[in-house]
Every structure is written in structure tokens, then in C-alpha cells.
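All remarks here apply to the structure that follows.
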2 protein chains.
Amino acid sequence: MSHSVDNAVSAVRTYIEQHRAAFLDDLVDWLRIPSVSAQPEHASDVRCSADWLAAELKETGFPTVEVWPTPGAPAVFAEWPSGDPQAPTVLVYGHHDVQPAAREDGWSSEPFEPVVRENRLYARGAADDKGQVFFHTLGVRAHLAATGRTAPAVNLKLLIEGEEESGSPHFRALVEERAGRLAADAVIVSDTGMWSADTPTVCTGMRGLAECEIRLHGPDQDIHSGSFGGAVPNPATAVARLVSALHDEHARVTVPGFYDGVVELTDRERELFAELPFDERQWLRTAQSYAAHGEAGYTTLERVWARPTAEVNGIGGGYQGPGSKTIVPSSAMVKLSFRLVAGQDPDHVEKAVRAWVTEQVPEGVRCEIVFAPATRPCLTPLDHPALRSVARAMGRAFGAPVRFTREGGSGPAADLQEVLGAPVLFLGISVPSDGWHAPDEKVELDLLLKGAETSAHLWGDLAEHWSHVP
Amino acid sequence: MSHSVDNAVSAVRTYIEQHRAAFLDDLVDWLRIPSVSAQPEHASDVRCSADWLAAELKETGFPTVEVWPTPGAPAVFAEWPSGDPQAPTVLVYGHHDVQPAAREDGWSSEPFEPVVRENRLYARGAADDKGQVFFHTLGVRAHLAATGRTAPAVNLKLLIEGEEESGSPHFRALVEERAGRLAADAVIVSDTGMWSADTPTVCTGMRGLAECEIRLHGPDQDIHSGSFGGAVPNPATAVARLVSALHDEHARVTVPGFYDGVVELTDRERELFAELPFDERQWLRTAQSYAAHGEAGYTTLERVWARPTAEVNGIGGGYQGPGSKTIVPSSAMVKLSFRLVAGQDPDHVEKAVRAWVTEQVPEGVRCEIVFAPATRPCLTPLDHPALRSVARAMGRAFGAPVRFTREGGSGPAADLQEVLGAPVLFLGISVPSDGWHAPDEKVELDLLLKGAETSAHLWGDLAEHWSHVP
């Protein structure tokens, strides 16, 4: 590492150490706002979260900060021009809404009353995604302080949406409508994680997501199972048979057409995956699960990063209270989510699932299927210059070699890739034990600050290696 | 019909006509007591109902009347010895508690303020079961009046419990404790119905019931379906596969050993079922269902009366609220009920189900199974002399041929059969439109009095055809 790089690393680190306490105080304020986009009773909290972030970005120094309304929850946009006509334009994407959370789900403390225990900050949204959005505010200030600049080395834009945890139903339309304002050479998504605290990694792709709820209707009301059971179709049985038929004995999805267009893993990618220090027993502990199980012919990492899946998120019907109730239930439902990989078209998947479900439903049972708006998959080539910059910036922050992964989850980044025609890169510092969508979600404070360091190094590196030829 | 039978029919009918008004006034008094065993706030009403009935039975002439306490609601016991050492002993079973009812559930009048409209008596408990218990008080008095006897021709016992609508939690223990007092040659259950007002029928059996809740545990907490889905077992999928595997393509239960001992329908029984004026479209309307579906090779009536079944009463797991939550759920459960027919042993069925479930559960999923106390099936052979007596007595009352049915539901009568070692016979005059457990429950007054007539004829017929050889 050169002397000037050493100096930069040191200057960034010093700035961040000095501003760490105030940064964390601010983040805790934001985490107190229960911006749960899936629950209508929290709609005003999501709006409040957007306003809070907008004020904070203004405070950070962004000359332009706007709250963009949508038919659902608002997004926050901010812009800070470089002043250099050759500078590339980078759009950072994240979200300020969070998953539902309640103390009784198994949290050790109130999910919206952040607490620090053992250098970890516990709160819903600590890692997914408020913490990872917020480290950029400290990062850009450290970048300016360390370089003596008054504006970032790149034209820096932020788009922080408010409906990611609800499937981003209005995000695509927003991006299309505001495409001019959002125009960028690259998109940096800070809504993912890395391998582990010891193994910094850059993610190169995310899976897409198609979700549906299937509701099956049998008798008009719950009916007596003694008088009628065994002689009429039971919608709870029908929904179970549907779920059961979804996978074959190789754990492959049976829906005809589901795998159409799937981009298969290359040998090189399978090698890179295999080189990662993957410990299946440790992974299972993180998954809090007791066996690995998935599509035959693929490793666990391949299954979660590069293979499409069908998963039951919820199932319900009939009497679920204490004791018993001898009924044939009137209806039953299942919520399914399908993870999609590069090459799969969500519209095609929806059509395939609808056709398959309709064919499975037995006589005397009526079926409703509602699909949520889908998220497309995305994948960035390993040799892309902006991807190299992200890897270098992260390497400086962590002082360790950076490897490459993918992400099994899904995000609306693919819409940005498609509408803006810009490659999507992923910069995340969350680790697998952070408990996304689970009780006791947390972020490691040391890694959160490394995220800020990475952000501080990235803008200069991008400007240096990827500026427009005048 | 012989001249003496004609005389007996006429004498009974005359007595009942003469005492009809007072009988109905008394029944209305009883129906005013809201003896809802499921609702703790009505506990004193259930006790009051027992006391009311005990006083009434004393008034009827029973020399022994006792209110038997249980850890829950009390039962009423009454005994009237014949005086004839050869006379058989008969125990009448019914219940004095009722289902919950409130005007706002859809009643046309207050459920506990009985009213007569168009020769029907509307009140909670009118048919289930106070009306059908009470017709025996008029019946035994008519029997005495018509025969000039001062005691019934049989040793007559009554056991009227107070927790039937709450699943009879203390009934089995009560019967075991009082088995000596309850000893009988036959049990007459008056808590069922008949085919229709035009088609008097005698029920010859009820199905048994085994119920369980199966809970499958996967990850220790709900986990992110993007990060882990497709690579660990999903308990909601596992519960669905379990339910799906419960029936084969012929809708037969697949649990090995489930059908062990099942008493198959005889050709004669199938003929008798087929002779009933069954209209499947009408039956489906009553079932509020849109297709008949059940075990291959059996008619709808055979399926609900004479075949064992496995039914899902409730299923649940994961996120069931509005919108979506992309998780692999931590657990999922299903409530199953198995209707059992004669020859099936609930303990054997429980063992078979436990073994089968345990074998189905995939690696990495933990399983809990809880069975509720079971109800045994009961079935009386068509040629049993006491059953012939019930059919003859009913034939005299209705002046029409009596046919035979079964009951798909389950009741505590089987405990009496098992503990007392006596066959169970069913004498009920309620019709399907009587609205058991529903708003506007009623009893047809003409049929109620036919019930009293049947009771009046039954005791003499039993003594004549079934007395002990001295």
C-alpha cells in the first residue's frame, strides 16, 4: 500500500473515530421510529422516518434533499454534485422502512428502543437497512475531511426508499418517473451483507422475488366434521396438497416453465464459491436450523445464491386456537415466495404459477391468487471497473483481501439497473448473524464504522479509476 | 297391527293429548334456564337446570332422584324400579346443558325466551337436548296410564349430564365411579335425530373421535427466506407434506394400521342406506359445499356414517397477516381429527398416527404430537332385540315404517357402552332443520309428542320381548 493510501486510511479512520459517538446517537434516534411499511398503522411512522432522514442529509451537507411521495410510503432523494465535469455519477440505494417486529416475537429488548450490548446495536432496522444507509453520511464527511474537498469526488446521489420490506410496489414507477434526476453511471446498493467480520466480501448479484397469496374456499362456512367430514373437499387439505406438490423428490420446483431462462453457474463461479471459508455446521447455526436441505446437485451456497426457489412464508386455515374444534374449515391460504435468478422473467413465473395452481385445485374448491409486484434478479460481471473500485475501497477499510459473493435475498436494485441502464454494485457490512427480519436484529458497531470508511474511500477511487474521458 | 296394539296406541295418544299443554308449559320453564356449560358465567344456571330437572323427575314419579356433582357441572340421576325381577334395566342418556346463544347471532327471538310459531317451539335447547330428554317424562306417565301399571315395565334409569356441549370432560370418570348405580342391559340415547318428519328412523351407531395437534419445529426462529430459503427444511412445507400424505389418490387414509379392525358395511346395511330418500344436491346445500368428495367406493351416506376419516380442522404456520413477510417459519401446526367406526380402537389409532407422523417428519424438523382424550365408536347390530323394540315403538307412534340410519358425529354414549358393557340404542325425534348449535334452534311439537309416544310404547315392548329368563 502506498504512502498516500496509508495517509488517506489514517485520516479517514481518525475522522470517523472522532465523530463516532454523535453518529451513533443520531442512528439510535432514527431506529426509534417504527417505520414498518407492511403495517398500515405505521404509515405515519414511515413518513416520519423519511422526514427525519431528509433533515439529517441536509445536515450532512447535501445541497439538494427532497422527500419524494409515492402512492405508498415516501422515498428520500439527495444529490451532491462533484463540480468536476469528468466525475462519474453514483447513485446510492437503500431503504428506510423496516420489517414488522414485536417484543413478544422473542426480542430480548423492545425492537424500537435501541440498546448497545457488547459493541452491538440491537434494534429493528439496525442492519436492514437504516444502519447501512446511515454509514454513508459519516463516510462522505470523512471523505471530505480526509481529502480537504468541499464536495465529493463523484457526483453523489442517494435514493432511500420506504417500501422495500413491502416488496417496493411503487419503486419501479418512481424510478421511471424520476429517471432524469436519478441518472447515474453506477448504482451502489447498501442493503446487503458480507461473508463475516474476518472475510470482507463484495456481493455481485441478488436474486429476484415473486410473491403470492393463494386462498382456497370450500364450504361457505365452517361445517361440522362429524356430519360432513370425509364427504366434501376440505380447503385446508387442498392447500396442503398444493404446497406438497410444489417440489419434487429432488427439491426442484415442479411448476412447468419455472426454470425457463435460468442463467446457470459457470465453472469459475462455482470455484469462487467453493474457495470461500464455508462451514456448513456454522451456517446451520446461523440459520438456527438443524439440517441442510435443498435442490439436488447444488451446494448450500449455490442453493441460496444462484438457484431459484419456492418457499412457504405462511400457511393458515380453520381453527388454530387452544383445544379442538371439529370442523371442516371454510377456507385456507398459503403465502408463497419464489426467489428468481438472472434470466428468469417474473411475469413468466407468475403466469406459470397461476396456471399450475389452477390445475391443482380440486373440484368444489374455489381459488383466488394475488401476486405482489415482483422484484427482478440482477448480476454484475466480476471484471466491471466500478466493482473493482468497491473491492479496493473495502480492502483499505478492512485491511484484508476482499472476496466475491452473491446475495440470496432480493431488492429493487434490479429496477435501477434496468431503468437507468447502470450496473449495480453492492456495498454492505452486515454479517449473517445480524438477524435480518428476525428478533434481536443487530449491527456490529465496528463493522458499521468500517462501512463508513469504505464509503469514504470509494468516491475518490471511483473518480480516479473511472472518470469520463473529457 | 293387532287389536291390543291399536288399543295401546290409542290410550297412549289420548293421555298425551290430555297432558300436552302442561307438558309444554313445563318444558318452556326449563328452556328459560340458560344452562350454557361452555360459559363460566352460566355455571349457576347449569346447576339451576339440574335442580329444576331433579324436581320435575320427582314430580313425574321417579322414587329415586339425585343430583350428582362432578368437578364441572352436575348430572341428574333418576331410577324407577319395575318391581318385576325379570324386567330388563334400561338407562336413558341425555344432557341438560346447551350451546351458547345470543340474540345478535341471528335469532328471530330471544334464545332463552321460548316461543311457539307454526307449531314449532323455538329456544336454545328445544331439540338439543332438553326437549328430547323431557319427552320421556310424559312418555313414562303415558306408559303407566295406558297399562294401568304403577311402575314402569322395565327398571328405568335416567342419566342426564351437564357438560355434553363442553366435550363431557368429567363424564367418563362419573360413569366409572357410579357404574354400579348405572348398571343396565341397554342404554337409550335421546340426543340424536331422525331422517325427516316423513321418514322416522332409528340411529344404530355413532362414530368415535380421536383428535390430535401436530406441531413441527424447524429453525429456532423465523429466518429470512432470501438468505436461507431453499437450503433448510421449512416446517410449513413439512406440515403440508404430512397432510398431503394423509390420504391416497382414492381418499383413503394412508396411516398404516388405521383401518385395522374396521367393521365393514354389510350388503344389507348398504341396501338400507340406499333405500333412504337421499338427495345429494340437497345434502350439499346443507353442507354449504360445492362437490362431494371422499373415499372411493362408498356413497356420501356411507362416507359420513360408516367410514373412518381423517380431517384437517386447522392448519397454521408462519406469517398469516396482511401483505407479505419473506421468512422460513420457525414452526407450523395442524389439528387433525379422526372419526372412528366400530372395530377401531382409539389407542391403536393414536399409536399408528404417532408412528406414521414420526416417520414422515424430515431431517432437521422436530415434532410434537398431543392427543386429546378419545371418544369410542358404537354400533348396535340391526337384529339386536332392544333395537327391534325401539323400532316397533317408534313405528307405533308414527304409524309409518321405521328405517335405520347412523350418525357421523361422536358422543359420550360410547363411554356408557364400554363401562357398563351395555348396547347403545338411539331414540331421537329431531330433524335436520332443527338448527342444533345454530340460531333459531327449534323442535317440531308434533314430533316431540311422537317422541313421548315412542317412549310410552318402548318400555312395555322391551319387557315383553327382552325380559330375563328367570
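The values are calculated or read from the model by the stated rules, or taken from the named source; none is laboratory data. Note that the structure is predicted; figures quoted are calculated from it, not measured. In this analysis, Cβ positions are derived from the backbone assuming ideal geometry, glycine residues included, and neighbour counts consider all displayed protein chains.
Exactly one residue out of A:GLY148, A:GLY131 is free of Cβ contacts under 8 Å to residues at least 12 places away in the same chain and either touching a helix residue (DSSP H, G or I) at 6+ places or on another chain (Cβ under 8 Å) or not hydroxyl-bearing (Ser, Thr, Tyr) (or both), and it is A:GLY148. Just one of (1) hydrophobic (A, V, I, L, M, F, W, C); (2) surrounded by fewer than 24 Cβ atoms within 10 Å (Cβ to Cβ); (3) farther than 18 Å from A:PHE23 by Cα fails for A:LEU144. It is (3).
For every residue, the table says whether it meets (1) of a type outside the set (D, E, K, R); (2) crowded, with 20+ Cβ neighbours inside 10 Å.
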{"residue": "B:VAL243", "(1), (2)": "yes, yes"}
{"residue": "B:LEU246", "(1), (2)": "yes, yes"}
{"residue": "B:TYR259", "(1), (2)": "yes, no"}
{"residue": "B:GLU280", "(1), (2)": "no, no"}
{"residue": "B:TRP283", "(1), (2)": "yes, no"}
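Note on region B:370-384: among residues that are in contact with a helix residue (DSSP H, G or I) (Cβ under 8 Å, 6 or more places away or on another chain) and exposed (fewer than 15 other Cβ atoms within 10 Å of the Cβ), the one that is nearest to B:GLY205 (Cα to Cα) is B:PRO381. Picking from residues in region A:402-435 that are of a type in the set (S, T, N, Q) and surrounded by 24 or more Cβ atoms within 10 Å (Cβ to Cβ), the one that is modelled with the lowest pLDDT is A:SER410. Among (1) in a helix (DSSP H, G or I); (2) touching a residue at least 60 places away in the same chain (Cβ under 8 Å), where does B:SER433 come up short? For B:SER433, the failing item is (2). Cβ-Cβ contacts under 7 Å between residues 6 or more apart (or on different chains), taken from a first residue in region A:215-242 that is within 7 Å of another protein chain (Cβ to nearest Cβ) to a second residue that is part of a helix (DSSP H, G or I) and of a type outside the set (Val, Ile, Thr), are listed as A:GLY218/A:PRO235; A:GLY230/B:ARG303; A:ALA231/B:ARG303; A:ALA240/B:ALA240; A:ALA240/B:SER244; A:ARG241/B:SER244. Counting only residues that are within 14 Å of chain B (Cβ to nearest Cβ), in a loop (DSSP other than H, G, I, E, B) and hydrophobic (A, V, I, L, M, F, W, C), which one in region A:340-369 is nearest to A:ALA414 (Cα to Cα)? So, considering only residues that are within 14 Å of chain B (Cβ to nearest Cβ), in a loop (DSSP other than H, G, I, E, B) and hydrophobic (A, V, I, L, M, F, W, C), the one nearest to A:ALA414 (Cα to Cα) is A:VAL341. Looking across region A:75-92, the residues that are surrounded by fewer than 22 Cβ atoms within 10 Å (Cβ to Cβ) and under 11 Å from A:VAL154 (Cβ atoms) come down to A:PRO81, A:SER82, A:GLY83, A:ASP84, A:GLN86, A:THR89.
Quick one: how many residues across region A:400-442 are within 14 Å of chain B (Cβ to nearest Cβ) and not small (Gly, Ala, Ser)? Residues flagged as within 14 Å of chain B (Cβ to nearest Cβ) and not small (Gly, Ala, Ser) within region A:400-442 amount to 14.
Here A:GLY399 passes the criteria (1) surrounded by 19 or more Cβ atoms within 10 Å (Cβ to Cβ); (2) assigned by TED's automatic domain parsing to the domain that holds A:THR150; (3) at pLDDT 90 or above except the one numbered (1). Do we have any residue at all in region A:186-193 that's within 11 Å of another protein chain (Cβ to nearest Cβ) and either at pLDDT 95 or above or in a strand (DSSP E or B) (or both)? The answer is yes; a qualifying residue exists. Within region B:118-128, track down each residue that is of a type outside the set (A, V, I, L, M, F, W, C) and touching a residue at least 40 places away in the same chain (Cβ under 8 Å). Correct list: B:ASN119, B:ARG120, B:TYR122, B:ARG124, B:GLY125, B:ASP128.
Can we say B:LEU57 is surrounded by 13 or more Cβ atoms within 10 Å (Cβ to Cβ), touching a residue at least 24 places away in the same chain (Cβ under 8 Å) and more than 30 Å from B:ASP461 (Cα to Cα)? Here the answer is no, as B:LEU57 does not meet what is asked.
I'd like to verify a number: residues in region A:288-336 that are within 20 Å of A:ARG252 (Cα to Cα), more than 7 Å from chain B (Cβ to nearest Cβ) and hydroxyl-bearing (Ser, Thr, Tyr), how many? Qualifying residue count, region A:288-336: 2.
Of the residues screened, B:ARG285 is not one that is at the interface with another protein chain (Cβ under 7 Å from one of its Cβ atoms) and either in contact (Cβ under 8 Å) with a residue 40 or more places away in the chain or of a type outside the set (Phe, Trp, Tyr) (or both).
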